[in-house]
Amino acid sequence: MAQNLDPDGESPQPEPSATGRVDLGRVLRHGIALAWLKRFALLQAIAMPALVVSGFGFLGEDAGVGMMLLGLLAAWLLGATIAARCHRIALLDEAPPHWLALPDGHAFRLALWMLLVGLASAAFALIPMMMLAALLVGAGGSESAAQLTSLLMLGLMAFLMARFALVAPAAALDQAPGLGKAWRQSEGNFFSLLAIIALPMFLGGLLGAFTTPGSIASVLVQASVQLFVIPIATCWVSLAYRQVALPAPLAPETD
């Protein structure tokens, strides 16, 4: 298969790093080029799950608990489906599934690892910080103290998300992921991985800040994020994993 090149004549998949460090500039630039080169495959792979997730944006604040839980479950599983398909297309050059294809084993595996990462992050960040906030409020602490606790919680969550970021591509590629392994691979790459994660989150939050939950505008913003921002962000994580963890380009699976 011919090697796709970016506008500068370089491969959109940076070579593995001999030092185990993520070259942030190359990853960001090549990730955009890779998403553009594979845009049709990516859109075919994620269009249906992305639109379904976006449809839950019609759920307003008055939606019942059951519908909210259903929306969270769908977002969890379909989000894992989108991530798994994007990682496999970016790193394996895998052919996209049919646009009506249901989540496969790769998606369920990644969903379980996402749940594990979420539980680990909650144990290390959410629960202790919530307990601290409750103690401050119960002891008559000021509102600013509770706000400071919230900021500390967000900072700790961002730290954990960056340290565990490489779990997702490893799980999608059946590369024996692990929290400890991802932690070691992210050593020395915290700020690069944090930037890769924070940029799309900031963009999505910025776009969502100007819409009302449950409105058509909110659904359109959500769809735009799912269809355009998420594939680029996933390519960034894929290429970071490629630089740090993969000794050579992977070949697509064959029957």
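The values are calculated or read from the model by the stated rules, or taken from the named source; none is laboratory data. Remember, predicted model here, so these are calculated numbers, not experimental data. Neighbour counts are summed over all protein chains in view; Cβ atoms, including those assigned to glycine, are modelled from backbone coordinates with ideal geometry.
The test for being modelled with pLDDT under 90 and within 17 Å of the chain's Cα centre (by Cα) holds for G204. Would you point out the residue of region 171-186, among those that are over 13 Å from the mean Cα position of the chain (by Cα) and touching a residue at least 24 places away in the same chain (Cβ under 8 Å), that is nearest to L119 (Cα to Cα)? Restricting to residues being over 13 Å from the mean Cα position of the chain (by Cα) and touching a residue at least 24 places away in the same chain (Cβ under 8 Å), the top hit is L179. Residue pairs whose Cβ atoms lie under 7 Å apart, sitting 6 or more positions apart in sequence or on different chains, and linking a residue in region 113-142 that is within 16 Å of A162 (Cα to Cα) to a partner that is outside any helix (DSSP H, G or I) and at pLDDT 70 or above, are W113/P177; V117/F164.
When restricted to residues that are surrounded by 23 or more Cβ atoms within 10 Å (Cβ to Cβ) and over 15 Å from the mean Cα position of the chain (by Cα), region 218-242 contains 1. Considering every residue within region 92-103, establish whether at least one is without any contact (Cβ under 8 Å) to a residue 60 or more places away in the chain and within 15 Å of the chain's Cα centre (by Cα). Checked against the condition, which is being without any contact (Cβ under 8 Å) to a residue 60 or more places away in the chain and within 15 Å of the chain's Cα centre (by Cα), region 92-103 yields no hits at all.
Kindly indicate the residue of region 41-68 that is modelled with pLDDT under 65 and part of a helix (DSSP H, G or I) and also farthest from V229 (Cα to Cα) among those meeting that condition. In this case the residue turns out to be F58.
Within region 69-101, being surrounded by fewer than 15 Cβ atoms within 10 Å (Cβ to Cβ) and at pLDDT 90 or above holds for one residue alone: A95.
Across region 164-197, which residue is surrounded by the most Cβ atoms within 10 Å (Cβ to Cβ) among those that are touching a His at 6+ places or on another chain (Cβ under 9 Å) and not in a helix (DSSP H, G or I)? Of everything passing the filter in region 164-197, L173 is surrounded by the most Cβ atoms within 10 Å (Cβ to Cβ).
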